[in-house]
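> Just dropping this structure here.
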Amino acid sequence: MTNTTTTTAKTGDNVSVHYRGTLVEDGTEFDNSYERDPITFTVGEGALLEGFETAITGMNAGDTKTITLEEDHAYGPRDPQRTTSISRDVFPEDLSLDDGATIPLMAPNGQPVMAVVMSKTEEEVTFDVNHPLAGKTIQFDLELVTINPPDTTTLLADTVADTATGTETE
């Protein structure tokens, strides 16, 4: 039987969180989960920004908190070397490639990247491929919606697997 009475979020708990993300410099909202379902993740897995996950630890369901993440703890500083140039003939002729336009590209690892047109010639287009929030200090208003402890069946399976491979669980 799974215990769902955990009151304080800790590493390994599955949590649902609503958030509103804004830029500190001007208050521009860049994301808001209140317009959809809350984000659900396992605390400590590293799927989200470290500062975001760390802020959830110790919160109780229903708690709210505001956190500020400097660029080094958010999406990192802007790197002027993070550019790429692509042959103009790869793109459809009717695609607007105006300076500042955001175009979805595919990284070599197959991950989508939102790139910003920096310049273009008749032969090629040069893109800035930094994360759009790189170099920015960001703020999140957080609301911890639910806390569910790790599923004991999953924990048992992990323990058995770790025993079989000779590794230890935390």
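The values are calculated or read from the model by the stated rules, or taken from the named source; none is laboratory data. Quantities reported herein were computed from a predicted structural model and do not represent experimental measurements. Every residue, glycine among them, receives a Cβ derived from its backbone with ideal geometry; neighbour counts consider all protein chains shown. Remember, those area values only see protein heavy atoms, side chains included, never the ligands or the DNA or RNA. Shrake-Rupley method; radii C 1.70, N 1.55, O 1.52, S 1.80 Å.
> Restricting to segment 99-136, give me the number of residues that are open to solvent by less than 90 Å² (accessible area, probe 1.4 Å) and more than 25 Å from the chain's Cα centre (by Cα).
Summing the residues that are open to solvent by less than 90 Å² (accessible area, probe 1.4 Å) and more than 25 Å from the chain's Cα centre (by Cα) in segment 99-136 gives 5.
> Shifting gears a bit: Which condition does Met59 not pass, out of (1) under 18 Å from the mean Cα position of the chain (by Cα); (2) aliphatic (A, V, I, L, M); (3) under 27 Å from Asp151 (Cβ atoms), if it passes all the others?
(1)
> Which residue is surrounded by the fewest Cβ atoms within 10 Å (Cβ to Cβ), if the candidates are limited to segment 74-88 and must be touching a residue at least 12 places away in the same chain (Cβ under 8 Å) and over 21 Å from Leu49 (Cα atoms)?
Ranking the candidates gives Ser87 first.
> With respect to Val145, is the statement that it is farther than 17 Å from Asp31 by Cβ, in a strand (DSSP E or B), open to solvent by less than 60 Å² (accessible area, probe 1.4 Å) and of a type in the set (A, V, I, L, M) true?
no
> When you check Thr7 against the structure, is it modelled with pLDDT under 95, open to solvent by 80 Å² or more (accessible area, probe 1.4 Å) and touching a strand residue (DSSP E or B) at 6+ places or on another chain (Cβ under 9 Å), yes or no?
Yes.
> Can you confirm whether Asp13 is in contact with a strand residue (DSSP E or B) (Cβ under 9 Å, 6 or more places away or on another chain) and more than 19 Å from Asp141 (Cα to Cα)?
Here the answer is yes, as Asp13 does meet what is asked.
> Evaluate segment 102-110: report whether one residue or more is in a loop (DSSP other than H, G, I, E, B) and over 17 Å from Ser87 (Cα atoms).
yes
> Pick from Leu48, Leu95: which is aliphatic (A, V, I, L, M), more than 18 Å from the chain's Cα centre (by Cα) and part of a loop (DSSP other than H, G, I, E, B)?
After ruling out the rest, the residue left standing is Leu95.
> Kindly indicate whether any position in segment 19-32 is under 17 Å from Ile147 (Cα atoms) and open to solvent by less than 60 Å² (accessible area, probe 1.4 Å).
yes
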